[in-house]
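Please read through the structure below; I'll follow up with questions.
The values are calculated or read from the model by the stated rules, or taken from the named source; none is laboratory data. Quick caveat: nothing in here was measured; it's all calculated off a predicted structure. Reconstructed Cβ throughout: ideal geometry from the backbone, glycine too, with neighbour counts over all protein chains shown. Ligands, DNA and RNA are stripped out before the accessible areas are found, and what is left, the full protein with its side chains, is counted by its heavy atoms. Shrake-Rupley method; radii C 1.70, N 1.55, O 1.52, S 1.80 Å.
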Amino acid sequence: LKAAVVILENENGEYLMVHRVTKPLGWGFPGGKPEIEDINLAATATRELFEETNISKHVNEENSIGTVISANDSYEMEVFHLKVSDQDSYYLKLSLREHNGYVWTNQPYGLNLAGATGLILELIMNA
């Protein structure tokens, strides 16, 4: 099984972290598993980003920075990194079915991280 994760970085070098209300609980990044209409994981990332945050940014394969295995070893997550402008983040509106809060931060390790989020952060720090 595969999934897509999107790391958004704003103009201040901060990352968008969302607080999950579904498993895995805690702070993480927007993302999810492919649906039938997704032609690849970049399409999954684009769709999930919009569904979860209302931010409409096209994710390309070139935005991929690597993969990590989920905390329960059940699927592989392809991680995409996008830089966004303040104008892009103006449209941020969370899907309350999945999240109950968000923060832009450059100090994510102080948060209660969900699942494999720590491994995902290592990818971006080493990119």
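Residues checked against (1) surrounded by 15 or more Cβ atoms within 10 Å (Cβ to Cβ); (2) touching an Asp or Glu at 6+ places or on another chain (Cβ under 8 Å):
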site	(1), (2)
7	yes, no
22	no, yes
33	no, no
36	no, no
39	no, no
60	no, no
67	yes, yes
73	no, no
91	no, no
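With the requirement that a residue be of a type outside the set (A, V, I, L, M, F, W, C), farther than 23 Å from residue 11 by Cβ and under 15 Å from the mean Cα position of the chain (by Cα), what does segment 101-121 give you?
Narrowing segment 101-121 to residues of a type outside the set (A, V, I, L, M, F, W, C): 101-102, 105-110, 112, 115, 117-118.
Of the ones still in play, those that are also farther than 23 Å from residue 11 by Cβ are 112, 115, 118.
Across segment 101-121, the qualifying residues are 115, 118.
Right, here's the next one. Using the structure shown, decide if residue 12 is over 18 Å from residue 124 (Cα atoms), in a loop (DSSP other than H, G, I, E, B) and either small (Gly, Ala, Ser) or open to solvent by 30 Å² or more (accessible area, probe 1.4 Å) (or both). Explain how you work it out, then say what you get.
Details: over 18 Å from residue 124 (Cα atoms): no; in a loop (DSSP other than H, G, I, E, B): yes; either small (Gly, Ala, Ser) or open to solvent by 30 Å² or more (accessible area, probe 1.4 Å) (or both): yes.
So residue 12 does not fit the description; no.
Out of 39, 65, 55, which single residue is more than 22 Å from residue 88 (Cα to Cα) and either in contact with a helix residue (DSSP H, G or I) (Cβ under 8 Å, 6 or more places away or on another chain) or of a type in the set (A, V, I, L, M, F, W, C) (or both)?
On the way: 65 fails: more than 22 Å from residue 88 (Cα to Cα); 55 fails: more than 22 Å from residue 88 (Cα to Cα).
The match here is 39.
Here is a check on your reading of the model: is residue 52 out of contact with any Ser or Thr (no Cβ under 6 Å at 6 or more places or on another chain), crowded, with 19+ Cβ neighbours inside 10 Å and not small (Gly, Ala, Ser)? Even if it seems obvious, please write down each step before you answer.
Working: out of contact with any Ser or Thr (no Cβ under 6 Å at 6 or more places or on another chain): no; crowded, with 19+ Cβ neighbours inside 10 Å: yes; not small (Gly, Ala, Ser): yes.
No.
Hey, another quick one. Which of the following residues is among the aliphatic types (A, V, I, L, M) and exposed (fewer than 13 other Cβ atoms within 10 Å of the Cβ): 96, 82? Break it down stepwise before answering.
Numbers: 82 fails: exposed (fewer than 13 other Cβ atoms within 10 Å of the Cβ).
Testing whether each residue is among the aliphatic types (A, V, I, L, M) and exposed (fewer than 13 other Cβ atoms within 10 Å of the Cβ) leaves just 96.
Return the pair list, or none, for Cβ contacts closer than 8 Å from residues in segment 28-41 that are farther than 13 Å from residue 76 by Cβ to residues that are in a loop (DSSP other than H, G, I, E, B) and open to solvent by less than 20 Å² (accessible area, probe 1.4 Å), at least 6 apart or on different chains.
Pairs that qualify, where the first residue is farther than 13 Å from residue 76 by Cβ and the partner is in a loop (DSSP other than H, G, I, E, B) and open to solvent by less than 20 Å² (accessible area, probe 1.4 Å), are 28/114.
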